[in-house]
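The values are calculated or read from the model by the stated rules, or taken from the named source; none is laboratory data. Given the structure is predicted, the values throughout are model-derived calculations rather than measurements. Glycine gets a Cβ as well: all are built from the backbone with ideal geometry, and neighbour counts include every protein chain shown.
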Amino acid sequence: MGTETVITIPFNKPGLLGTEMGFITEAFNRWHISGDGYFTKQTHALLEAALPTPKVLLVTSCTHALEMTALLLNIQPGDEVILPSFTFVSTVNAFVLRGAKPVFADIRPDTLNIDENHLEALITPRTRGIVVVHYAGVGCEMDAILAIAARHGIPVIEDNAHGLFGRYKGKSLGTFGAMATLSFHETKNFTCGEGGAVIINDPNLIERAEIIREKGTNRSRFFRGQVDKYTWVDIGSSYLPSDILAAFLYAQFQDRDKIQGTRQRIWETYAAGLSDWAAQNGVGLPFIPAHCEQAYHMFYMLLPDLAARQGLIMHLRSLGIQAVFHYLPLHLSDMGRRFGGKEGDCPVTEEMSDRLVRLPFFITLTPEDQARVIEGVQSFQIK
């Protein structure tokens, strides 16, 4: 019986800087480790200034941030929400939980973002929201999307799990729609293990967002001295993360330039090292439009077909390197088919899902290990 190859270069390692424990200790020393403590407020202020946006609220995950946006849109059973089939399941679950019917949109073959050219045909009188996903931290075509949404009076939500500090035509991703969401999962550029945030760009939604996040109470108004007691005023849940997690995350943001600079170097090294091999083998590399500044979230390749993609993954595994594919089309999942999804509905999504492979990408990836990954890819023969 043969032995399995040991993975020596994983796809991901959490990006730890070494300063996190000091901030966590400070959170304990402040005697407030539950939600909305000192580091939560510091992180809110940092992100609100950096983006900029009227309000950022840390939550326990990007999934919960998306659920909050569904609540804020008052999604009801029978409503329709348009979103790309090529996304993580949280994007759709948040709205299905409220009784909405997902309407799956196809993606562009260049950026793998929702195809704005197909968007208007999907709108019906029951459409209550359009959710866009900035795939790999590259901005969707927001001018066209917002124009379509405005014509029909439909709010836009940005699932910006990949795109914090990316830009579209000079404006920060996450600041275009009525609301947006962020992820601080351990695979993201900035992490606290599990965490997220909801960005509120429409000031009219801020007070209700605070209420929903605080279990449906007006507790935030109480702590600001606007009411003399707080009570249950709306639906909601407990979406506040511990201030321990916020302290960890705040430490990461203190080294924002270092993290983003390292990720940019890794991304550009992959692009330079693989461009010739890709061109010779009919492999696609990420496309970044001139008007977009990406967030350097991932590096992916588009192999000629599924067999080549799977072959490359196995080839790299034999060298101790872990490469992975990404989203499976939601419209072809068991749940997606229950909502009427079928083969051929989103042909670009179906093709790209089969062809895409992601390479190891984390801030402690050494130049030597990255060179091993590049050499491993270059040694793969596409039949």
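A count restricted to segment 235-250 and to residues that are surrounded by fewer than 22 Cβ atoms within 10 Å (Cβ to Cβ) and part of a helix (DSSP H, G or I) stands at 1. Here the condition is being assigned by TED's automatic domain parsing to the domain that holds GLY174, farther than 17 Å from ALA251 by Cα and without any contact (Cβ under 8 Å) to a residue 40 or more places away in the chain; of VAL81, VAL96, VAL103, VAL89, it holds for VAL103 alone.
For THR181, indicate whether it is assigned by TED's automatic domain parsing to the domain that holds MET68, part of a loop (DSSP other than H, G, I, E, B), touching a residue at least 12 places away in the same chain (Cβ under 8 Å) and among the β-branched types (Val, Ile, Thr). When the stated conditions are applied, THR181 does not pass them.
Yes/no matrix, rows are residues, columns are (1) in a loop (DSSP other than H, G, I, E, B); (2) under 25 Å from GLY195 (Cα atoms):
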site	(1), (2)
THR69	no, yes
ILE75	yes, yes
LEU83	no, yes
VAL132	no, yes
ILE145	no, no
ALA150	no, no
ILE157	no, yes
GLY174	yes, yes
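Annotation note: Cβ proximity below 6 Å between a residue of segment 269-298 that is in the same structural domain as THR366 (by TED's automatic domain parsing) and a residue that is of a type in the set (Lys, Arg) and modelled with pLDDT of 95 or more (sequence gap 6+ or interchain) occurs for HIS291/LYS169; GLU293/ARG167; TYR296/ARG263; MET298/ARG358. Taken together, the criteria exclude THR60 from residues that are β-branched (Val, Ile, Thr) and surrounded by 24 or more Cβ atoms within 10 Å (Cβ to Cβ).
Residue-by-condition table, conditions (1) within 25 Å of GLU350 (Cα to Cα); (2) aliphatic (A, V, I, L, M); (3) surrounded by 18 or more Cβ atoms within 10 Å (Cβ to Cβ):
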| position | (1), (2), (3) |
| --- | --- |
| ARG263 | no, no, yes |
| GLU268 | no, no, no |
| TYR296 | yes, no, yes |
| LEU302 | yes, yes, yes |
| LEU330 | yes, yes, yes |
